[in-house]
Amino acid sequence: MTKSDIGIVGLGVMGANLALNLSDKGYRVSVYNRTSAVTSEFIETHGQGRTIAVADNLQQLVSQLGSPRVILLMVTAGRAVEAVIEQLQPLLEPGDIVIDGGNSNYQDSNRRWLELAAWGIHFVGMGVSGGEDGARFGPSLMPGGAAAAWPVIRDMFQAIAARVDGVPCCQWLGDGGAGHYVKMIHNGIEYGDMQLIAEVCHLMQHALGLSHDDMADCFAAWNGGRLESYLIEITARILRQRDRDGSPLVERILDMAGNKGTGVWTAHDALANAVPLTLISEAVHARMLSARKSERVAAAALLGSVPTLVAESDRSMYLDALHDALYAAKLVSYTQGFMLMQSAAKTNGWALPFGDIALLWRAGCIIRSRFLTDIKNSFEREPVPPSLLQDPFFAAEVKASEAGWRLAVMLAVKHGVAAPALSSALSFYDGYRCANGSANIIQAQRDFFGAHTYQRTDGDESNHFHTRWLGDGGEEIAS
Ligand code: 6PG
């Protein structure tokens with residue numbers, strides 16, 4: 001029997017569509033799913049005219065593969081991945097490759113990479129973005145792990161990935177959990193983008209009084225400009241969708257956002273590594289607040305929650321402001337996301353290819369947008385600016401958007417519409433561009449109550465001082 005090029009474990013939505021995508025590109029695929037009925041249905045629906053081999057168990061799957069064996073796990077992150085790897089390991093040989101294509105925690109991938117290396121098995125943690133359609137016709141792929149695996153799997157995964165100008169959205173990102181780390185940041189940015197759009201929708205509806213069709217028209221128009229992106233595009237479509245009785249469907253969708261954890265991991269990682277990731281963290285908190293539905297309903301009855309509307313004649317001015325606010329806040333979010341990746345690269349010893357990361361997010365994934373081309377350009381400058389906000393192109397863009405951004409945040413504040421991501425982004429921007437901030441007061445307070453010492457603006461920064469605040473007011477150099 002002809003050996004398969006790849007074995008896929010798990011025929012959920014993503015696994016099944018990746019199997020079909022690989023098969024379309026001429027790769028021989030073997031599939032295995034723990035529940036055999038799922039495999040039978042998959043083959044019945046899609047098997048005709050394709051060379052897809054079916055395995056009844058992992059042993060059989062392994063036996064169907066050519067050497068080195070390449071096995072792609074598309075099972076739920078966490079315990080399921082752990083269990084499959086445990087069962088596979090004794091069946092494999094040195095040089096074989098195990099790829100985890102789920103939304104796994106990068107620390108698990110770091111560990112699995114080391115554990116499997118002890119057996120000579122190459123572990124790859126690969127972020128896969130783009131949902132069902134992406135998996136089927138061209139996802140964005142973020143592989144990292146055992147570098148020795150890359151030359152073996154590169155052609156196959158670059159062949160099925162999305163492309164921009166012929167360049168595949170699939171590049172090697174580094175060892176250990178680098179691939180899953182980059183996917184985690186992708187998801188964090190996804191949370192931020194979604195939250196920003198939701199806030200803008202809420203302002204359009206509750207401060208400007210726009211109808212759903214007007215809102216949809218606005219997003220559709222914005223999608224033709226600087227904000228062009230998948231999430232803006234689908235928001236226009238979502239706003240037009242009607243329920244059975246002809247009313248806007250979104251009004252029937254409960255305002256409680258779910259989450260599978262990757263946003264929390266991103267925010268957590270930022271806190272653990274002292275990176276100011278305010279926008280994504282606000283987006284995570286907003287989902288958590290949204291989940292407290294009954295508490296919010298009670299608070300609305302007690303505290304009031306009915307915002308007033310602006311004058312109709314001011315609508316178009318505010319719509320322009322919302323556009324600029326969305327663009328500028330998005331820029332802050334990406335600035336912070338790349339800051340976090342830069343910090344992680346140092347901590348983990350990864351040489352993350354930041355320009356390539358922007359490139360592989362340009363198509364196939366949920367955060368795909370025109371904007372990412374400008375980010376790629378920034379990482380091609382010599383020298384690379386210290387952050388995206390200090391890139392000459394983005395600095396000019398954000399300055400041009402600043403007045404509208406402030407107006408949009410004022411609108412939210414004045415009309416009592418929550419806009420945590422838009423406004424925290426503006427606060428970050430104001431803090432970031434402030435050469436002399438307010439932390440001198442904090443340092444003085446810390447020194448006052450705890451003798452934590454401070455550095456002086458007029459001396460050598462390596463010296464630390466303590467003032468005898470309650471004594472004679474004199475200053476001493478701390479040891
Ligand atoms: C993607 C998505 C995908 C999934 C999110 C949803 O890149 O295709 O990010 O991975 O939609 O994990 O995450 P939440 O359930 O946490 O919103």
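Every number in this text was worked out from the coordinates using simple rules, so none of it is lab data. Note that the coordinates shown come from a computational prediction; the quantities given were computed from them, not determined experimentally. Every residue, glycine as well, gets a Cβ built from its backbone with ideal geometry; the counts of neighbours run over all protein chains shown.
Based on DSSP, what percent of beta bridges with both residues in the chain are antiparallel, to the nearest 5? Could the numbers behind the result be given before it?
Values: 14 of 34 bridges.
So the antiparallel bridges amount to about 40 percent of the total.
Beta carbons within 10 angstrom, averaged per residue: use that to sort the peptides 255-262, 395-402, highest first. Don't jump to the answer; show the numbers that get you there.
Working: 255-262: 14.0, 395-402: 16.1.
Packing order, densest peptide first, comes out as 395-402, 255-262.
Could you state the per residue volume, in Å³, of the convex hull enclosing the Cα atoms of region 393-479?
In region 393-479, the Cα hull volume divided by residue count equals 164 Å³.
Quick one: check the C-alpha center-to-center distance for region 6-30 versus region 258-294, whole angstrom.
33 Å
Find the Cα radius of gyration of the chain, compare it with 2.2 N^0.38 Å by division, and give the number to two decimals. All intermediate terms of the calculation are to be shown ahead of the outcome.
Working: Rg = 25.6 Å, N = 479, 2.2 N^0.38 = 23.0 Å.
In units of the 2.2 N^0.38 Å rule of thumb, it is 1.11.
In deg cm²/dmol and to the nearest 500, what is the mean residue ellipticity at 222 nm of the chain if only DSSP H runs of at least 4 residues count, each as -39500 (n - 2.57), divided by the residue total?
Numbers: 19 runs with 255 residues, N = 479.
That comes out to -17000 deg cm²/dmol.
Can you give the log10 of the normalised intensity I(q)/I(0) at q = 0.13, 0.15, 0.17 Å⁻¹, computed with Debye over equal Cα scatterers of region 377-425?
-0.43, -0.52, -0.61
Calculate log10 I(q)/I(0) of region 110-238 for q = 0.13, 0.16, 0.19, 0.22 Å⁻¹, where I(q) comes from the Debye formula with a single equal point scatterer on each Cα and nothing for solvent.
Log-scaled intensity ratios, in q order: -0.67, -0.86, -1.04, -1.22.
Quick check: the distance between the Cα centres of region 96-135 and region 346-404, to the nearest angstrom?
Between the Cα centre of region 96-135 and that of region 346-404, the gap is 26 Å.
Please list, in order along region 428-441, the HN-Hα scalar couplings obtained from phi with the Karplus expression 6.51 cos²θ - 1.76 cosθ + 1.60 (θ = phi - 60°), rounded to whole Hz, x for Gly and Pro.
4, 4, 5, x, 5, 8, 9, 5, 10, x, 9, 6, 4, 5
Taking amide H positions as placed in the peptide plane 1.01 Å from N, state which residues far from Asp100 in sequence (5 or more) or on other chains have amide H under 5 Å from it.
HN-HN under 5 Å from Asp100: Leu73, Val124, Gly125, Met126.
Ignoring solvent entirely, what values of log10 I(q)/I(0) come out of the Debye formula for region 183-432 at 0.07, 0.11, 0.12, 0.13 Å⁻¹ when each Cα is a single scatterer?
The calculated log intensity ratios at q = 0.07, 0.11, 0.12, 0.13 Å⁻¹ are -0.23, -0.59, -0.70, -0.82.
Helix 106-117 against the longest principal axis of the chain: what's the angle in degrees, Cα atoms only, rounded to the nearest 10?
40 degrees
Starting from the amide H of Leu210, placed 1.01 Å from N in the peptide plane, find each other amide H under 5 Å away whose residue is 5 or more places distant or on another chain.
Result for Leu210 returns Gln205.
For region 64-90 and region 408-479, what is the separation of their Cα centres, given in Å?
If we compute the Cα centre of each part, the gap is 50 Å.
Once phi is turned into ³J(HN,Hα) by the Karplus curve 6.51 cos²θ - 1.76 cosθ + 1.60 with θ = phi - 60°, what whole-Hz value does each residue of region 263-271 show in order, with x for glycine and proline?
Result, rounded to whole Hz: x, 5, 4, 5, 4, 4, 5, 5, 5.
Count the lysine pairs in the chain whose Cα atoms sit under 24 Å apart, keeping only pairs 8 or more residues apart in sequence or on different chains.
Count of close lysine pairs: 14.
If I fit a long axis through the Cα atoms of helix 36-46 and take the longest principal axis of the Cα atoms of the chain, what angle between them do I get, 0 to 90°, rounded to 10?
Helix 36-46 sits roughly 90 degrees off the main axis of the chain.
Can you work out ³J(HN,Hα) from phi for every residue in region 81-90, in order, using Karplus 6.51 cos²θ - 1.76 cosθ + 1.60 and θ = phi - 60°, giving whole Hz and x for Gly and Pro?
The phi angles translate into 4, 4, 5, 5, 4, 4, 6, 6, 3, x Hz.
Quickly rank 213-225, 112-124, 96-108 as a protection proxy: mean count of other C-beta atoms within 10 Å, highest first.
On the way: 213-225: 17.2, 112-124: 19.5, 96-108: 23.9.
Taking the mean over residues of other Cβ atoms within 10 Å, the ranking is 96-108, 112-124, 213-225.
Under 5 Å between amide hydrogens, which residues at least 5 positions from Ile8 or on another chain qualify, with H placed 1.01 Å from N in the peptide plane?
Under 5 Å from the amide H of Ile8 lie the amide H atoms of Ser30, Val31, Tyr32, Leu72, each far enough along the sequence or on another chain.
Hey, any idea what the orientation-averaged projected area of the convex hull of region 10-95's Cα atoms comes to, in nm²?
Details: hull surface 22.3 nm².
Answer in nm², one decimal: 5.6.
Taking the Cα atoms only, what angle lies between the long axis of helix 293-303 and the longest principal axis of the chain, rounded to 10 degrees?
20 degrees
Along each principal axis of its Cα atoms, how long is region 48-110 end to end? Whole angstroms, biggest number first, please.
Extents along the principal axes: 38, 29, 17 Å.
If you take every DSSP beta bridge whose two residues both sit in region 6-176, what share of them, in percent to the nearest 5, is antiparallel? Provide the component values of the computation, followed by the final result.
Working: 8 of 27 bridges.
Counting DSSP beta bridges with both partners in region 6-176, the antiparallel share is about 30 percent.
Taking only Cα atoms of region 6-176, what ratio of Rg to Rh do you get with Rh as the Kirkwood inverse-distance radius?
Working: Rg = 14.6 Å, Rh = 15.7 Å.
My calculation puts Rg/Rh at 0.93.
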